[in-house]
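Just below is one structure, and these are the notes that go with it.
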Amino acid sequence: MNPSQPKRLLDQAAVVTGGGRGIGRVLALTLADEGARVAVSGRNMRNLEAVAEEIRSGGGEAIVIPCDVTKRDQARSLASGVMEAFGRIDILVNNAGVHSSTALLVHVEEAEWETVMATNVKGVFLVTQAVLPAMMARGSGHVVTISSAAGTPRSQNSVNVPYVASKWAVEGFNHSMAMQMRPYAVRFNTLAPGPTLNDIQKSFNTDVERLVNFPGGMRRNEWVTDSFRYLVCETPDLTGAHISSPEWDKENGIPREKISEAEIRAFMAS
């Protein structure tokens, strides 16, 4: 954390699902760096505790609340746990998600489809529904859902059908909720990190050649930080938007060195 920079989210309370690793970890640390008190949530307690300790060791405040986002009772327990600890919920980051294979649709198993939809779509619905009453009561709040270019016509390589369908679903959810919650001053936005080299790529044995040749190149978890700060700290009236981290970086002149083929292959083999 940077002790010299102004804390733009001071005293606010934030929740990050899937916060134990990858992009979720980066977003939790970023929120804490901006002064927010952070509830780190997910299913792997060891990972969650490690992220919370990172925040605390940097002078921030963090709690750990385990949650399987596909379970309504656990989503409600997450919301009540944050309210009990912090007394408010200002920011929800719906980050928990799973990838899918690139198999032809005729070969996609029903179980794979259901797993992806349960986490990526139903999970967003359940956790948002659980935290929304606290935001509506305060007359403020911000829900950021981690989406993907795969949920827009801009995607250049959207052949993993279950994952793509789930991201189109949450983009529609975001659009509808932004309109529904406008009278309550609760904002809804999506953030697309871009194709990121992290453990989610291993979850369905993603083809290494596809990653090596991905249009525009793969990205690092940390590269989402700048556009995320912009979204949560610098756009108080923005709602119903889709922010692409790669496009935001380009528009703001932030250079990113391409991840080498050797590094991609080494990571996927680890």
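Could the peptides 49-56, 21-28 be put in order, highest first, of the mean number of other beta-carbon atoms found within 10 Å of their residues?
Averaged packing, sorted descending, gives the order 21-28, 49-56.
Please list log₁₀ I(q)/I(0) at q = 0.13, 0.16, 0.17, 0.19 Å⁻¹ for region 74-185, using the Debye equation with identical point scatterers on the alpha-carbon positions.
One equal scatterer on each Cα of region 74-185 leads to -0.55, -0.76, -0.83, -0.96.
Please pull out the direction-averaged projected area of region 3-149, using the convex hull of its alpha-carbon atoms, in nm² to one decimal place.
Numbers: hull surface 38.1 nm².
Projected over every direction and averaged, the Cα hull of region 3-149 covers 9.5 nm².
Give me, ordered by chain and number, the residues 5 or more places off Arg219 or on other chains with an amide H under 5 Å from its own placed amide H.
Counting only residues 5 or more places away or on other chains, the set is Thr196, Leu197.
Over all distinct Cα pairs, what is the inverse of the mean 1/r for the chain, reported as the Kirkwood hydrodynamic radius in Å? Walk me through the numbers on the way to the answer.
Details: mean 1/r = 0.0535 Å⁻¹.
For the chain, inverting the mean 1/r across all distinct Cα pairs yields 18.7 Å.
Positive end of the charge dipole of the chain (Lys, Arg +1 and Asp, Glu -1 on Cβ, about the Cα centre): tell me which of Tyr184, Pro246, Ile65 has its Cα farthest that way.
Selected residue: Tyr184.
Using the Kirkwood radius over Cα pairs, work out the Stokes-Einstein diffusion coefficient for region 1-71 at 37 °C and 0.692 mPa s, in µm²/s as a whole number. List each step's numbers first, then the result.
Details: Rh = 11.7 Å.
Once the numbers are plugged in, D ends up at 281 µm²/s.
Over the Cα atoms of region 215-270, Rg to Rh with Kirkwood Rh, two decimal places?
1.08
Would you calculate, for the chain, the mean residue ellipticity at 222 nm contributed by helices, counting each DSSP H stretch of 4 or more residues as -39,500 (n - 2.57) and dividing by all residues, to the nearest 500?
Taking each H run of at least 4 residues, the total per residue is -13000 deg cm²/dmol.
Quick one: how many Å² of Met179 are accessible to a 1.4 Å probe, rounded to 10?
Probe radius 1.4 Å; accessible area of Met179 about 110 Å².
Measuring from label point to label point, each 7 Å out along Cα→Cβ, what is the Arg8 to Met136 span in nm?
Label at Arg8, label at Met136, 2.9 nm between them.
Taking the full set of protein chains and a 1.4 angstrom probe, give the accessible area of Trp248 in square angstrom, rounded to the nearest 10.
Rounded to the nearest 10, that gives 40 Å².
In Å, what is the Rg of the alpha-carbon atoms in region 24-108, and how long is Dmax?
15.0, 51
With N set to the number of residues, divide the alpha-carbon radius of gyration of region 118-180 by 2.2 N^0.38 Å and report two decimals.
So region 118-180 has a normalised radius of gyration of 1.24.
Take the Cβ-Cβ distance between Gln129 and Ala85 as r, set R0 to 22 Å, and report the resulting FRET efficiency rounded to the nearest 0.05.
That pair, Gln129 with Ala85, gives E of 0.65.
Could you order Arg187, Arg256, Arg182, Arg43 so the one with the most accessible surface comes first? Probe is 1.4 Å.
These residues rank, largest area first, as Arg43, Arg182, Arg256, Arg187.
Would you list, by chain and number, the lysines whose Cα falls below 30 Å from the Cα of Lys122, excluding same-chain residues fewer than 8 positions away?
Of all the lysines, those that pass the test against Lys122 - Cα under 30 Å, at least 8 places apart if same chain - are Lys71, Lys167, Lys202.
Whole-Hz ³J(HN,Hα) for each residue in region 66-73, computed from phi via Karplus 6.51 cos²θ - 1.76 cosθ + 1.60 with θ = phi - 60°, x for glycine and proline: what do you get?
Karplus values, whole Hz, x for Gly and Pro: x, 7, 9, 5, 7, 10, 4, 5.
With a 1.4 Å probe and all protein chains kept in place, how do Cys233, Cys67 rank by accessible area, largest first?
Largest accessible area first, the residues go Cys233, Cys67.
Under 5 Å between amide hydrogens, which residues at least 5 positions from Ala62 or on another chain qualify, with H placed 1.01 Å from N in the peptide plane?
Those qualifying (amide H under 5 Å, at least 5 residues apart or on another chain) are Val38.
Please give the solvent-accessible surface of Phe86 in Å², to the nearest 10, using a probe radius of 1.4 Å with every protein chain present.
The value for Phe86 is about 20 Å².
Quick one: putting +1 on the C-beta of Lys and Arg, -1 on the C-beta of Asp and Glu, what dipole do you get for region 1-149 around its Cα centre, in Debye to the nearest 20?
300 debye
Which distance in Å, rounded to a whole number, links the C-alpha centroids of region 1-50 and region 152-173?
Centre-to-centre distance over Cα atoms comes out at 27 Å.
Report the relative contact order of the chain, percent, no decimals, based on alpha-carbon pairs under 8 angstrom and at least 6 residues apart.
It comes to 16 percent, rounded to a whole number.
Given points 7 Å out from each Cα along the Cα-Cβ axis, report the Ala103 to Thr235 separation in nanometres with one decimal.
So the two model labels end up 3.7 nm from each other.
As a test of reading the structure, rank Tyr163, Tyr184, Tyr230 by solvent-accessible area (1.4 Å probe, protein chains only), most first.
I get Tyr184, Tyr230, Tyr163, largest accessible area first.
Rounded to the nearest 20 debye, what is the charge dipole size of region 183-265 about its Cα centre when +1 sits on each Lys and Arg Cβ and -1 on each Asp and Glu Cβ?
Once rounded to the nearest 20, the dipole reads 120 debye.
Percent relative contact order of region 129-270, based on C-alpha pairs within less than 8 angstrom and at least six residues apart?
Contact order relative to length: 27 percent.
Can you tell me the dipole magnitude for the chain around its Cα centre, using point charges on the Cβ only (Lys, Arg +1; Asp, Glu -1), in Debye to the nearest 20?
360 debye
Please list, ordered by chain and number, the residues whose modelled amide H lies under 5 Å from the amide H of Phe188; skip anything fewer than 5 residues away on the same chain.
Val143, Gly240
Express in % the proportion of alpha carbon pairs of region 173-270 at distances exceeding 25 Å.
Numbers: 1606 of 4753 pairs.
Here the long-distance tail beyond 25 Å is 34 percent of all Cα pairs in region 173-270.
The values are calculated or read from the model by the stated rules, or taken from the named source; none is laboratory data. Worth saying up front: this structure is predicted, and the values here are computed from it rather than measured. All Cβ positions, glycine included, derive from the backbone under ideal geometry; neighbour counts span all protein chains shown. When the accessible area is computed, the model is the full protein with side chains, heavy atoms only, and any ligands, DNA or RNA have been set aside. Shrake-Rupley method; radii C 1.70, N 1.55, O 1.52, S 1.80 Å.
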